[in-house]
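What follows draws every value from the coordinates through simple rules; no lab data is involved. This is a predicted model, so every value here is computed, not measured. Neighbour counts run over all protein chains shown; Cβ positions are idealised from the backbone, glycine included.
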4 protein chains.
Amino acid sequence: MTANVQRSLAAEFLGTALLLATVVGSGIMGERLAGGNAAIALLANSLATAGALFVLISVFAPISGAHFNPLVSAAERFAGRQCTRLTLAYVAMQGAGALVGVLIAHAMFDLPPLQASAKVRTGMAQWIAEGVASFGLLLVIGLSAKESAAAVAARVACYIGAAYWFTASTSFANPAVTLARAFTDTFAGIRLADAPMFMVAQGIGAALGVWVARRLSPT
Amino acid sequence: MTANVQRSLAAEFLGTALLLATVVGSGIMGERLAGGNAAIALLANSLATAGALFVLISVFAPISGAHFNPLVSAAERFAGRQCTRLTLAYVAMQGAGALVGVLIAHAMFDLPPLQASAKVRTGMAQWIAEGVASFGLLLVIGLSAKESAAAVAARVACYIGAAYWFTASTSFANPAVTLARAFTDTFAGIRLADAPMFMVAQGIGAALGVWVARRLSPT
Amino acid sequence: MTANVQRSLAAEFLGTALLLATVVGSGIMGERLAGGNAAIALLANSLATAGALFVLISVFAPISGAHFNPLVSAAERFAGRQCTRLTLAYVAMQGAGALVGVLIAHAMFDLPPLQASAKVRTGMAQWIAEGVASFGLLLVIGLSAKESAAAVAARVACYIGAAYWFTASTSFANPAVTLARAFTDTFAGIRLADAPMFMVAQGIGAALGVWVARRLSPT
Amino acid sequence: MTANVQRSLAAEFLGTALLLATVVGSGIMGERLAGGNAAIALLANSLATAGALFVLISVFAPISGAHFNPLVSAAERFAGRQCTRLTLAYVAMQGAGALVGVLIAHAMFDLPPLQASAKVRTGMAQWIAEGVASFGLLLVIGLSAKESAAAVAARVACYIGAAYWFTASTSFANPAVTLARAFTDTFAGIRLADAPMFMVAQGIGAALGVWVARRLSPT
């Protein structure tokens with residue numbers, strides 16, 4: 001394994017960990033302070049996530065491409081820009097990083113390290129929402145292939161910040177994030193039993209997004 | 001129809017659909033969570049709309065110009081940068097996309113696909129507001145003719161985000177959006193009977209905006 | 001009067017009018033919707049103002065320099081970049097534009113065109129706040145002399161957005177804005193009798209800001 | 001002492017003072033207006049701080065590097081880009097500036113100049129939070145060494161804005177800021193007795209961040 005690959009894998013691990021620490025941590029903080037008003041909590045949660053995404057993508061894009069998301073790594077594989085083995089290593093790092101991010105958030109807020117989420121997120125409407133969210137994310141990324149890291153970072157940050165609100169599911173749009181969020185019984189959690197269908201919906205939406213981006217790209 | 005034109009029309013359709021999904025979807029989410037505080041709902045609604053506009057204009061501008069708005073397409077026609085036929089096709093795509101965006105938002109939030117809005121938005125003050133909103137939008141776009149897609153995207157996003165608050169009508173400023181919002185009985189809705197006068201006011205304001213932008217442009 | 005000067009004066013008039021329409025209009029909207037929570041109203045008011053400032057400075061900077069503020073025009077005069085006559089014309093346009101902006105806001109919200117504000121804003125703490133706000137604004141502008149319009153726009157927007165919160169006076173930092181806000185008895189208003197001392201404090205702070213910026217500038 | 005060094009020290013003093021005036025001032029304003037909802041107060045506080053950081057770093061980076069933080073100055077010393085003596089002078093200016101910023105905030109809000117904070121911020125979870133916050137900050141800065149001032153400013157602003165929410169401690173991440181905040185008994189305060197452990201945690205996190213940034217940097 002070359003030094004570059006090592007750095008890439010470390011960047012995917014660390015970036016995903018910090019992303020999850022933000023998603024889960026700001027959800028806890030928002031809910032604790034918002035006095036029962038979930039909109040205020042989600043406002044804090046979405047702004048913090050958007051801010052963190054902008055920074056993390058800006059900083060890690062030159063190292064690993066800043067995927068932090070198996071859907072994005074799969075799309076890179078599909079486009080032939082990355083081999084299967086590296087893609088699998090990326091996904092493993094994303095999964096591990098996401099879990100570690102949840103642990104960090106819990107440690108910072110003095111909560112048990114791993115928890116089983118009781119938050120029900122299921123039903124056709126939620127799945128459509130995840131499909132739309134993932135479709136949009138991969139479409140945006142697919143149409144930004146030639147942009148600078150800063151431009152991609154701003155786009156993804158704005159997209160996810162908006163999608164927290166315009167999708168009924170608050171836009172997970174990321175299987176690694178979805179799995180990790182099953183282990184926190186806080187604002188950002190999802191029941192483990194509901195995670196698989198979220199991932200299926202994400203996969204379908206993402207595939208459609210990749211396909212549309214390819215069709216729309218000027219040749 | 002060339003492949004470029006096809007892509008342009010698809011971009012207008014898709015971009016307007018995603019814009020409406022954001023406007024309507026984030027309005028529903030904001031109202032559901034805000035516990036009756038309309039300012040918090042509008043804060044979420046305006047921030048999500050601004051974020052989505054930034055992304056959608058950035059991403060689709062190289063393909064179709066990212067109008068998403070018959071007022072903008074008409075101004076392009078008026079400036080001689082686009083033929084009548086393409087302009088009409090753009091407007092048709094915007095209208096269809098806007099309606100589909102409303103359908104998507106309703107599907108994501110488990111609501112009936114099409115609804116008749118009961119929200120009254122009428123009276124001289126509202127019409128002035130729509131006129132001012134559309135004037136400002138076309139002025140900003142008219143004075144940004146030589147800017148990059150990213151600059152235009154940032155300007156329009158900030159403008160509309162602000163105009164949600166500084167106009168009494170929350171700044172529709174877009175006839176396709178106005179018509180589509182008549183078919184959602186949620187936060188972002190407008191009674192169908194009130195839509196025509198909104199469009200008239202938008203047309204007048206936009207025409208004035210185009211005229212002032214032309215007068216102010218350094219030659 | 002050359003066409004360029006005419007355009008500059010029109011830009012100062014129009015830009016200041018739209019700025020005031022935003023400041024006053026978003027204050028009215030924020031207060032109406034916020035259900036008595038002034039922090040939520042000010043959040044809306046400050047975000048809308050920051051967004052508008054970014055757009056207006058971006059768009060009008062190539063035409064007039066986008067001062068919209070007698071303090072800025074005076075600093076330009078002081079730096080020898082503008083003659084006295086043009087400076088006076090700028091200030092007149094700013095004052096007239098600010099008043100028209102208030103009229104527009106009132107028309108959009110169905111309120112009497114001109115009102116006498118009853119909002120007391122006086123006392124040493126408020127004056128210090130205005131001095132600090134104006135000091136910071138002119139310092140920021142003074143240290144951005146060689147920056148692009150977009151960079152200045154982003155800096156001023158962020159500065160004023162922050163200053164709405166970190167100063168006790170919500171940062172007027174602009175004599176034309178201060179005078180015009182005396183004629184609205186809404187969220188953004190200030191008692192006419194309190195306006196002169198605000199302006200004095202602004203002048204002192206601004207002068208200090210210009211002086212410090214000059215001392216700090218690399219030669 | 002050369003004129004350049006004088007300007008650098010003045011910039012560190014002034015920038016840190018304005019940063020603290022923002023942090024403390026917007027905390028006071030947020031708490032006064034938020035009617036007991038701490039999330040709304042923190043939303044105002046975090047947005048104002050992020051806005052101020054963007055402006056202050058943009059403006060002062062060409063003069064002093066815009067550290068405003070002993071952790072950053074120490075990292076610069078450690079990287080060999082700055083001598084020990086200048087680093088100590090920077091830190092002294094940051095400490096003095098931070099205190100003066102607190103005085104300014106109190107003057108603007110008509111409060112006693114110096115106060116002993118009674119706000120308890122202690123315990124392992126808080127220390128982990130400060131460690132994580134400082135780790136992330138130095139990591140972001142370390143990976144941005146070749147970026148423009150504007151890029152660094154945007155990254156740090158977004159990072160700290162997010163970290164206010166995702167860390168349980170609201171992310172002080174700065175020993176000079178921590179010490180100064182012990183002298184305000186308002187929203188942003190920290191009990192003086194709790195400050196030392198915050199600084200220790202910050203130092204450990206920062207050292208780790210510098211080390212990881214170095215390991216991840218493409219050579």
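A few points about this structure:
- The residues of the range C:142-168 that are buried (at least 24 other Cβ atoms within 10 Å of the Cβ) and out of contact with any Gly (no Cβ under 8 Å at 6 or more places or on another chain), listed by number, are C:L143, C:A153, C:A154, C:R155, C:V156, C:I160, C:Y164.
- Filter result (touching a residue at least 24 places away in the same chain (Cβ under 8 Å), among the β-branched types (V, I, T) and closer than 23 Å to D:K146 by Cα) within the range D:162-219: D:V210, D:V212
- Filter pass, D:A180 being crowded, with 24+ Cβ neighbours inside 10 Å, in a loop (DSSP other than H, G, I, E, B) and touching a helix residue (DSSP H, G or I) at 6+ places or on another chain (Cβ under 9 Å): no
- Failed condition for A:S171, given (1) surrounded by fewer than 24 Cβ atoms within 10 Å (Cβ to Cβ); (2) closer than 18 Å to B:V55 by Cα; (3) more than 8 Å from every other protein chain (Cβ to nearest Cβ): (1)
- Check on B:V59, β-branched (V, I, T) and either farther than 30 Å from B:S217 by Cβ or out of contact with any Lys or Arg (no Cβ under 8 Å at 6 or more places or on another chain) (or both): no
- Those helices (runs of 4 or more DSSP H) lying entirely in the range C:16-132 with at least 2 residues farther than 25 Å from D:A48 by Cα and of a type in the set (D, E, K, R): C:70-78
- For the range C:1-41, a residue qualifies if it is within 16 Å of the chain's Cα centre (by Cα) and farther than 23 Å from B:Q126 by Cβ, and the qualifying residues are C:A11, C:E12, C:F13, C:G15, C:T16.
- Subset of the range B:28-70 (residues that are over 19 Å from A:C158 (Cβ atoms) and either in contact with a strand residue (DSSP E or B) (Cβ under 6 Å, 6 or more places away or on another chain) or within 13 Å of chain C (Cβ to nearest Cβ) (or both)): B:E31, B:A34, B:G35, B:G36, B:N37, B:A38, B:A39, B:I40, B:A41
- Identity of the residue in the range B:166-177, under 15 Å from the mean Cα position of the chain (by Cα) and in a helix (DSSP H, G or I), that ends up nearest to C:I104 (Cα to Cα): B:P175
- Within the range C:1-13, considering residues that are more than 7 Å from every other protein chain (Cβ to nearest Cβ) and assigned to a helix (DSSP H, G or I), the one surrounded by the fewest Cβ atoms within 10 Å (Cβ to Cβ): C:A3
- Scanning the range B:134-154 for residues that are within 9 Å of chain C (Cβ to nearest Cβ) and either among the β-branched types (V, I, T) or closer than 13 Å to B:F166 by Cα (or both) gives B:G136, B:V140.
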